[in-house]
Amino acid sequence: MSKNARMTCELCEASRLTEWFYEDDECWIAECEVCYVPMVVWKIHDPSPSSDIKDQLHAKLAAVVEEYFDYEHYVDDNMRQIPEHYHAHARSRKGWFGQPVPRRNR
Ligand SMILES: [Zn+2]
Ligand SMILES: [Zn+2]
């Protein structure tokens, strides 16, 4: 947890309301409770990671989509709800906003 975390930031609080797919020292990836698609959240309360870090976060997100889901994604890091803390959604190229994305049969 970042020392800069403000108590009011829900991404810093990282309450596990939805399924978590992945976590490491740098980020966590969970289903977005609003959009029903996986999203990666950087563990640092900052809106603009370096492009190296962004690449890594996006690669980890892609790996989660590959492992758990069955759709073609694009990375959407337009941060509408929480503009001060970097996160990115793996949205479906098909479907529409807010539609649950298909999971792999496991
Ligand atoms: Zn935050
Ligand atoms: Zn969302």
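No value in this document is a laboratory result; all are computed from the given coordinates. Nothing here was measured: the structure is a model prediction, and the numbers come from that model. Using ideal geometry, Cβ is built from the backbone for each residue, glycine included, and neighbour counts are taken over all protein chains shown.
Each principal axis of the chain carries a Cα extent, and these read 39, 27, 25 Å when sorted largest first.
Could you state the angle between the C-alpha long axis of helix 51-68 and the longest principal axis of the C-alpha atoms of the chain, as a value from 0 to 90 degrees rounded to the nearest 10? Roughly 40 degrees between the two axes. Between Trp20 and Glu66, the modelled labels are 2.3 nm apart [label points 7 Å from Cα along Cα→Cβ]. Here r is the Cβ-Cβ distance between Ala59 and Gln99 and R0 is 25 Å; the resulting FRET efficiency, rounded to 0.05, is 0.50.
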